[in-house]
Amino acid sequence: LIPYLSENAGVLVCPGQDNEKDVFHFAHRTFQEYLAAAHLMTRCAEADSFGLVRDLIMSKPQVWRVPCVLAGDVLADTDRRGELWDLLDDLLDDDVPEALPADDSSWWTVWLASMIVQEQKLLENDKLRRSEKAVGNQLREWLLALITTAQALPPAERALCGRVLSLLDDTRPGIGTMTVQIEGKTAALPQIEWCDIPTPSNGVFIMGADDHGGNPRCEVKMPYSFKMAKYPVTYQQFQAFVDSGEFNDPQWWCDFPEAYQPQQMDEQYNPYANHPRDRLNWYQAVAFSRWATAKYRDARLIDRTIEIRLPTDAEWEYAARGTDERSYPYGPDFNPTKGNVHDTGIRQTSAVGLFPDGASPYGVLDMSGNVWEWCLNKYQKPEHLTVDDSEDMRSLRGGSFYHHQTFAAASSRPAHDPMNDNFSYGMRLVCSPPIASLSSGTLDSDSE
């Protein structure tokens, strides 16, 4: 049998001898891991419990992660698909503790349960049984705890968990939508979690850096406070605008070039509800902010003296770095585990708020990586804050999952033409008195 598997089937290879005996190993490691998973499922069937899977993934996750994931395939391949939810139930045996250390091995059971949910497409069935829904709810609670626990699991594994949380319904404040009454009708609006950005103590802050040619170091006046959204606008939140029945209303698109009145949306690159809305151009971002302002006013969530809009360059950078000239929102030195940039290794957008220890001094998240965020002002003339049909370049901030760490610095300030809807372009909102009443003091600067 062994010579046949080696010479004819190619399943085994013989790299040499040990004590004059041929030594064989599997040509493909995955086949060996699948057989290990099959044996593991046999052991679990004999014990009438999947506790062994839990023990192995907790004790040696890097050794057993692939066989444990393949255990789901073994169950599906051997007409035991109905046991997949039992496997998840055994993995999530314990109640979610109030506080679990980031290095606790229990987080690996949450990752494994999420992998099996994704790989086996368990949530595509709209008619889950009561017991299956209960397990799904338990997994959601674990995932919510994981997302808010900094450094629990490596970034790529955290990102997978964030995607599965989206499938289970991410209930964190500031991620989704809310139902309001406007003139007797029910409407869905983005539910924004705002962070207070106070006026600096002396009314100024240092913007830019000596090593960023497009944003030289200078002192900038910031004589007012404002609110900034804790997260970028999510896919679910932007979709409320698209699905509102008012997307094509000319009032949101006025003063734009004719080709952008209105500008239809490209498909979301990463269609997860809790990910940032991507593939946004500047005009679409402004239209969304206009719609949000009008609807928030109609719902009496803000009064007529307040508007919701894109941040200016100065507002964005001040919210990102405060007054201590830090290089990144979270501190002076780059850390790939505190934001979703190319160096982090996720290679796509991630659930907003995935890196709680990447917060700015004012608690704003995702300001270093994930998606680029459009700013209101023109790039070459930052004092120009109004909308026009010039198609002049607009500033982008924050870097993205696709770009390296240099672009994720708080002082990095590239630009692009406003009609560009690159797959890494998104947006964030601020809330303040109308920009026209603030602009006279917002962007005055005195180069040092």
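Values in this text are rule-based calculations from the coordinates and carry no lab data. Worth saying up front: this structure is predicted, and the values here are computed from it rather than measured. Because the Cβ atoms are built from the backbone with ideal geometry, glycine has one as well, and the counts that use them run over all protein chains shown.
Observations on the model:
- A simple spin-label model places pseudo-atoms 7 Å from Cα toward Cβ; at Ala436 and His39 they are separated by 7.6 nm.
- Antiparallel content of DSSP bridges confined to the chain, in %, to 5: 95 percent
- Extension gain (nm, one decimal) between Asp196 and Glu219, 0.36 nm per residue minus Cα-Cα: 6.1 nm
- Cα-projected label distance for Lys133 with Asp79, points at 7 Å along beta-carbon direction, nm: 3.0 nm
- Highest-first arrangement of 121-132, 283-294, 204-215, 336-347, where packing means the average Cβ count within 10 Å: 283-294, 336-347, 204-215, 121-132
- Compactness of the chain as Cα Rg over 2.2 N^0.38 Å, two decimals: 1.15
- Filter on Lys338/Lys381; Lys121/Lys295; Lys295/Lys338; Lys127/Lys185; Lys121/Lys227; Lys227/Lys381 - keep pairs with C-alpha separation over 29 Å: Lys338/Lys381; Lys121/Lys295; Lys295/Lys338; Lys127/Lys185; Lys121/Lys227
- Point-to-point label distance, Gln261-His212, nm (Cα→Cβ direction, 7 Å offset): 3.5 nm
- Relative intensity, log₁₀ I(q)/I(0), of region 138-195 from a Debye sum that treats every alpha carbon as a point, q = 0.14, 0.22 Å⁻¹: -0.50, -0.89
- Extension gain (nm, one decimal) between Met178 and Ser390, 0.36 nm per residue minus Cα-Cα: 72.7 nm
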